[in-house]
Amino acid sequence: MTVELKSNDFVALADIALRNPDLQRAVGAGTRGGYHKRAQAMYAHSAEHGEFLRQQAAEAKRRALRKLPDLLELAERNLQANGWGVAWAEDAAQANQQLVAIARRHGVETVTKSKSMLSEELGVNHALEAAGLHVIETDLGEYIIQLNKETPSHIVAPVMHKTKAEIRDIFVRELGMPPTDDAEAMVAFARKMLRQDFLSADMGVSGGNFIIAETGSLGLVMNEGNGRLCTTSPRVHVALVGIEKLVETVEDYTALTQVLPRSATGQSLTVYTNILNGPARDEEADGPEHCYVIFVDNGRSQVYATDYAEALACIRCGACQNACPVYRSTGGHAYGWVYGGPIGAVLTPLLVGLENAKPLPHASSLCGSCKQVCPVDIDLPRMLLDLRHEQAQAGAAADGWALGMKFWAIGMTSPRRYALGGRAARAGQALLGDYLPAPLGNWTDYRDFPKFAPKPFRQLWQERAAAKRRGQP
């Protein structure tokens, strides 16, 4: 299915998520587990070692971004030398046209897909199905949400928002699985159902964690064997890769494949860490006959030309989502598009337009946890503040908020008005008690408002000065 843009509905969608106890349990447990596993893996040897890995990976991505135009040309030459077909797509429509054209050129009827957030962004499944192709998601999480006609809610764990009982019910309803609460039995059933799809597929579609420019190779990092089956078993393999996924050298790739699994799943290395070098050679017994890379822009070059270019360093580990208190409460679907959490609150406005994602820059407490856990040290809090500033400069701030800030400024720029406001606040609290009216009730509905001091600091200071003048201690 294609992803409908609902980012301007964040507040309403978040409210729905907060009232869903199953989602709260599933997302809460999943994000907390991911957060702690990441910390254990990143700092297993020492905090210094973990920080060194982060900075090494950050420099690898930033160097690639600095050299991006040259590296794209180098990657194209080396990919073609390895037997890859290389195509370029300016936007989603063009990428899907390229993909459908490849499928028709090779008489494809059935497509197996490995996990790819870019394919979600492009609406690939919808485009292929509209062209009459049978498309099967083969990552277990993606398979589950495809059966349930949903979209991923997390970059790494697409089905994080579902409980085991909900997944069981989907398998029973959609696949006729005998009811069971045994997770291993459910996985075995799904594996059996997917096996025939793997064997019969004409084309495999993957994403690309990295393109290594110096060797013309595709790097894929995964934990399920489905990715290897999608890229080697069908006679045609197509990789959809964002233009920002370039790395310069194999050494850079090795640095990044150390921080990616640690940050995403708490592993030192994923089960499958593959470097693909094109179609099968004459002396090889298996592998695809035809391989293609489609480099996709879809707004990235516009971001590259701004002060937000650092966001393109993201390696899609999901660590910022696991750390974010807002994401932990709302899950990913509340963000209204493909990318949720702090990286989504930045990327979505940049890729679809700030006017189409007005609430997202404010979907953050600015606690800084996202930057702290990012394996390539992206300054997401700074970019969220910059996006808020852009909204304010454009006059897009909420009327009530703008009015409130004007009254706040009036009070804060005059000592007399400030003191008068303090007296009014203490009197109001004495009258209203613990529950404040109107928007302030969003705080006191769930928390106790702290008591104002009987005397403000200004009054205490004046009394102390007066006492000193009288010679009192």
Neighbours by Cβ (under 9 Å, 6+ apart or cross-chain): first from segment 439-452, in the same structural domain as A424 (by TED's automatic domain parsing) and under 20 Å from A402 (Cβ atoms); second modelled with pLDDT of 75 or more and part of a helix (DSSP H, G or I)
P439/G404
Restricting attention to segment 77-126, report how many residues are within 27 Å of C317 (Cβ to Cβ), under 27 Å from the mean Cα position of the chain (by Cα) and assigned to a helix (DSSP H, G or I).
13
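Quick one: which helices (runs of 4 or more DSSP H) sit completely within segment 385-461 and have at least 1 residues that are under 25 Å from C367 (Cα atoms)? Write out each step before concluding.
Numbers: elements: 399-412, 415-432, 441-444.
Here the list reads 399-412, 441-444.
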Index of the failed condition, E214 passing every other in (1) surrounded by fewer than 18 Cβ atoms within 10 Å (Cβ to Cβ); (2) closer than 21 Å to E310 by Cβ; (3) of a type in the set (D, E)
(2)
Please work out which one of (1) in a loop (DSSP other than H, G, I, E, B); (2) touching a residue at least 60 places away in the same chain (Cβ under 8 Å) is the condition V205 fails and give its number.
(1)
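Answer yes or no as to whether G227 is modelled with pLDDT under 95, within 21 Å of the chain's Cα centre (by Cα) and either part of a strand (DSSP E or B) or closer than 25 Å to A41 by Cβ (or both). Talk me through it step by step, then tell me what you get.
Details: modelled with pLDDT under 95: yes; within 21 Å of the chain's Cα centre (by Cα): yes; either part of a strand (DSSP E or B) or closer than 25 Å to A41 by Cβ (or both): yes.
In short, yes.
Counting only residues that are out of contact with any Ser or Thr (no Cβ under 9 Å at 6 or more places or on another chain) and either part of a loop (DSSP other than H, G, I, E, B) or modelled with pLDDT under 95 (or both), how many does segment 362-375 have?
So in segment 362-375, the residues out of contact with any Ser or Thr (no Cβ under 9 Å at 6 or more places or on another chain) come out as 362, 364-369, 371-372.
From the residues that got through so far, the ones that are either part of a loop (DSSP other than H, G, I, E, B) or modelled with pLDDT under 95 (or both) too are 364-368.
Number of matching residues: 5.
From the list S206, S217, which one is touching a Ser or Thr at 6+ places or on another chain (Cβ under 7 Å) and modelled with pLDDT of 95 or more?
On the way: S217 fails: touching a Ser or Thr at 6+ places or on another chain (Cβ under 7 Å).
After ruling out the rest, the residue left standing is S206.
The values are calculated or read from the model by the stated rules, or taken from the named source; none is laboratory data. What you see is a predicted model; the values in this text were computed from it and never measured. Virtual Cβ from ideal backbone geometry, glycine too; neighbours counted across all protein chains shown.
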